[in-house]
1. Work out how much length residue 317 to residue 27 would gain on full extension: take 0.36 nm times their residue separation and subtract the Cα-Cα distance, in nm to one decimal.
2. Could you give the angle, 0 to 90 degrees to the nearest 10, between helix 324-344's Cα long axis and the longest principal axis of the Cα atoms of the chain?
3. Any idea what the relative contact order of the stretch 115-163 is, in percent, if you count C-alpha pairs under 8 Å spaced at least 6 apart?
4. Report, to the nearest 10°, how far helix 26-35 tilts away from the longest principal axis of the Cα atoms in the chain, using its own Cα long axis and a range of 0 to 90°.
5. Between Rg and the Kirkwood Rh of the stretch 313-362, both from Cα atoms, what is the Rg to Rh ratio?
6. In degrees from 0 to 90, rounded to the nearest 10, what is the angle of the helix 155-164 Cα long axis to the longest principal axis of the chain?
7. Given R₀ = 25 Å, FRET efficiency for residue 80-residue 310 by Cβ-Cβ distance, to 0.05?
8. 222 nm [θ] for the chain, helices only, -39500 (n - 2.57) per DSSP H run of 4+, per residue, to 500?
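No value in this document is a laboratory result; all are computed from the given coordinates. Since the structure is predicted, the reported quantities are computational estimates derived from the model, not experimental observations. Here Cβ is always computed from backbone atoms with ideal geometry, including for glycine, and neighbour counts include all displayed protein chains.
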């Protein structure tokens with residue numbers, strides 16, 4: 001559900017150029033994960049190989065696309081060696097295919113934070129949710145029981161239902177003389193883990209998909225969101241490196257401060273708007289050009305890319321710019337040749353932290 005964005009005009013010395021976003025489709029990404037033999041080493045939800053980590057397993061991590069790009073870069077030589085050892089041919093990876101895979105990773109909850117069911121149970125009670133929503137029965141008029149919540153299986157539906165019912169929830173809180181119950185992303189994540197693992201809810205389908213959308217920007221305007229979210233309130237700066245669950249929480253907490261009653265949104269409209277919001281804030285890099293120039297020199301990138309005799313191309317920003325997706329695509333297609341060239345020159349394969357990767361992307365977009 002990556003959406004195409006027009007790259008911002010101009011570039012401040014301390015801020016990364018905003019590359020155009022390549023649309024991605026989780027359904028195509030899932031097919032690519034299988035057809036391009038990723039599944040022979042990696043698995044998703046237990047399906048696939050065991051040579052590499054299960055990409056849907058929740059562990060104590062804080063992964064963003066930039067972190068993922070840096071990890072793939074750092075471990076690429078080991079991945080290529082393992083693929084060669086097991087007779088797995090290295091597939092080509094266009095930027096469009098890389099975008100599809102990133103969308104698939106989103107649908108597998110790869111970027112979501114881990115939660116704790118015990119904390120979630122406490123939060124469900126502490127925030128008065130249990131006073132209206134029973135597990136199998138409704139404790140207040142119009143409050144569906146938890147075992148009927150299809151939103152537990154899909155963060156898009158969760159966002160849509162929390163958004164549409166916000167006004168009624170405010171009335172219910174007022175009648176009970178309770179303050180609006182603001183949430184943190186960790187609290188909502190914990191509650192979801194708790195509710196998803198109840199005996200009464202385990203049968204709910206968990207087949208969340210993250211398909212592309214090209215109408216999110218138009219909806220963002222027609223629903224009136226653009227009237228407030230400009231300048232200092234622009235979402236790409238306020239929602240930096242947010243997961244879908246974090247965005248849902250921000251939308252929930254935002255309800256009481258809205259000037260006008262929020263418009264109702266269908267599931268498809270919410271899906272499209274979240275696509276637009278998610279892509280704007282996740283792929284608008286926040287690296288530093290000056291630091292990126294130093295990374296380019298310190299990691300020996302300049303040794304080859306600024307030397308015509310090396311055979312390495314002189315780097316320049318294309319029409320769409322650089323992003324986490326294009327860096328992964330370039331790594332996969334040109335990395336083996338790069339590794340051979342560096343080995344010949346007795347140079348160490350460069351390894352990057354997420355911050356260094358972000359800074360490097362900012363520098364490349366300034367060329």
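1. Numbers: separation 290, 0.36 × 290 = 104.40 nm, distance 2.97 nm.
Result for the pair: 101.4 nm of gain on full extension.
2. 30
3. On the way: 35 pairs, mean separation 8.8, N = 49.
That works out to 18 percent.
4. Relative to the chain, helix 26-35 is tipped by roughly 50 degrees.
5. Rounded to two decimals, Rg/Rh equals 0.98.
6. Between helix and principal axis, roughly 40 degrees.
7. Efficiency computed from Cβ-Cβ geometry: 0.75.
8. Details: 15 runs with 171 residues, N = 367.
Dividing the helical sum by the residues of the chain leaves -14500 deg cm²/dmol.
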